[in-house]
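Step one of this worksheet: look at the structure below.
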Amino acid sequence: MSDTSLLVLDGLLVISLVTLAWTALAGSDARRSVILFMAFGLVLAAAWVRLLAPDVALAEAAIGAGLAGALLLAAVREQSRQPLPARIVSKRSHNKPGVNIALQWAVSVLCAVLAGTLAWALAHALNSAPQNALPRAVSANLEASGVSNPVTAVLLNFRAYDTLLELAVLLTAVLGIFALGPARPGYQSAGPVFDGLARWLVPVLILTAGYLLWVGAHAPGGAFQAGATLAAASVVLRLAGRHQIGLPQGPALRVVMAAGVGMFVLVGLGLLVAGRPFLGYPPPWAGGLILMIESAATLAIAATLVLAFLGGQPRPLAVRVARGRIAATPIPTGKPVSPEGIRSTEPHAAEACHRIQETQKRC
Amino acid sequence: MIDVLSALLVLAGVGFYLTGSIGLLRLPDLYSRLHALTKADNLGLGLLVAGLALHSQELLTVLKLLLIWLAVLAASAASAHLIARHARRQETTS
């Protein structure tokens, strides 16, 4: 009985996944597609739960559905506000339909080849490797790993190189984001209702991030999930129209961005000096070292995701507003800053004055 | 006894979800759709949480379920307000 009902549930999940993916890709309205993509992420998270992979489910829900969705929605909004540069539009307007269709076909064929290759590789791996060999190896060595959650043991101990390189990929991505120039301007205040929600949601999100980081040692959770939750707190603050969204300023931001890779490499080099292999933790210290690396990685991942949402380097504007506030007028936090508090002659500051005046009018 | 009560609560919750979804599909405009979604789904989730809480063995699980419900309540109330306000502003400007 329960087997059949679970089968029905799995079937429904698969059907909704395929339908959502198709409708998200086939639609012409970008905003609608993004919302369908977020729904797809949530259903995918449920599918991961059914596959007994709660760690992946958490990451999918937080990053795939939540933050990626917010990122895409912000991009859609930006695109609708300022249309594509004239160069791209002119290229598009007199392109040949034949070339376009050929291109579409080429992309489809390439995607199909890629999907086929992946399916073949997966089938090959499932058939050739002895079943349960890897899980057995992990559980046999779990005691020496310093943590009791096998996923964390694999990510941070047995295959720590992979995670180090993943963090290096994130660092590269954030350098690319920095190369895009200054971030988009922030949003106007969303009004008292959303402010009220943000006021208690942000502390809860920060607390949840800490919990996910800590619990990762023995239950589903870890640096990626915690970092995504922490980043969500900043995204909520930005959507609420705050200029200060928890990102450190200036050199401190760069330190946080590099913290994940930096801590990993420092620990690895320290172990080398102590005569151990690179990232070969001595078992009694493993738990503590993993927690250190994961804490640094959480901050780095959160900063990376927030910077991706900002879409560029944080504007120095926020610093000036904050400095002006501290230097000139001791206004309590949360209240609008008076434009007189800003003493810079930079164009950014003039823009800030203007925006602050606007928000005050709205208040 | 507790099983029956729990099942009844979950079924009632599912009923509210169904009503909310039908309302979302059938009601004519955005405001009444929002009204159907937020009210019916929040109550439906509350009943589901109550039914599942009766079933759970630990107090911690009950508290987590309750936290989920409260978070969804706040989030859905705020987002319904934002959507409705946005729609209203667009109506008045155009």
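Checking B:ALA84 against (1) farther than 21 Å from A:TRP200 by Cα; (2) away from every other protein chain (no Cβ under 14 Å); (3) touching a helix residue (DSSP H, G or I) at 6+ places or on another chain (Cβ under 9 Å); (4) among the aliphatic types (A, V, I, L, M), which test does it fail?
Of everything listed in (1) farther than 21 Å from A:TRP200 by Cα; (2) away from every other protein chain (no Cβ under 14 Å); (3) touching a helix residue (DSSP H, G or I) at 6+ places or on another chain (Cβ under 9 Å); (4) among the aliphatic types (A, V, I, L, M), B:ALA84 misses just condition (2).
Here is a check on your reading of the model: is A:ALA70 closer than 24 Å to A:SER234 by Cα, open to solvent by less than 40 Å² (accessible area, probe 1.4 Å) and modelled with pLDDT of 90 or more?
Spelling it out, A:ALA70 is indeed closer than 24 Å to A:SER234 by Cα, open to solvent by less than 40 Å² (accessible area, probe 1.4 Å) and modelled with pLDDT of 90 or more.
Taking into account only those residues within segment A:186-206 that are of a type in the set (A, V, I, L, M) and within 11 Å of chain B (Cβ to nearest Cβ), which is farthest from A:ALA74 (Cα to Cα)?
For segment A:186-206, the residue satisfying everything is A:VAL204.
Being open to solvent by less than 80 Å² (accessible area, probe 1.4 Å) and away from every other protein chain (no Cβ under 14 Å) narrows it down to one residue among B:LEU43, B:LEU9, B:LEU52; which is it? Don't jump to the end; show me each part of the working.
On the way: B:LEU43 fails: open to solvent by less than 80 Å² (accessible area, probe 1.4 Å); B:LEU52 fails: open to solvent by less than 80 Å² (accessible area, probe 1.4 Å).
Of the residues listed, the single one that is open to solvent by less than 80 Å² (accessible area, probe 1.4 Å) and away from every other protein chain (no Cβ under 14 Å) is B:LEU9.
Report yes if some residue within segment A:172-185 is modelled with pLDDT of 90 or more, open to solvent by less than 20 Å² (accessible area, probe 1.4 Å) and more than 14 Å from chain B (Cβ to nearest Cβ); otherwise report no.
There is at least one residue in segment A:172-185 that is modelled with pLDDT of 90 or more, open to solvent by less than 20 Å² (accessible area, probe 1.4 Å) and more than 14 Å from chain B (Cβ to nearest Cβ).
Is it the case that A:ALA198 is buried (at least 17 other Cβ atoms within 10 Å of the Cβ), under 30 Å from A:HIS243 (Cα atoms) and touching a strand residue (DSSP E or B) at 6+ places or on another chain (Cβ under 9 Å)?
no
Mind checking whether some residue in segment A:18-27 is polar (S, T, N, Q) and farther than 25 Å from A:ALA231 by Cβ?
yes
Show the residue pairs that are 6+ apart or on different chains and have beta-carbon atoms under 6 Å apart, the first residue being within segment A:261-290 and farther than 16 Å from A:GLU143 by Cβ and assigned by TED's automatic domain parsing to the domain that holds A:ALA173, the second being open to solvent by 80 Å² or more (accessible area, probe 1.4 Å) and not small (Gly, Ala, Ser).
A:PHE278/A:LEU272
Mind checking whether some residue in segment B:58-78 is more than 14 Å from chain A (Cβ to nearest Cβ), open to solvent by 40 Å² or more (accessible area, probe 1.4 Å), more than 17 Å from the chain's Cα centre (by Cα) and at pLDDT 90 or above?
yes
The values are calculated or read from the model by the stated rules, or taken from the named source; none is laboratory data. All figures in this text were calculated on a predicted structure; none of them were measured in a lab. Note: ideal-geometry Cβ built from the backbone for every residue, glycine included; neighbour counts use all protein chains shown. What goes into the accessible areas is simple: the full protein's heavy atoms, side chains included, and nothing from ligands, DNA or RNA. Shrake-Rupley method; radii C 1.70, N 1.55, O 1.52, S 1.80 Å.
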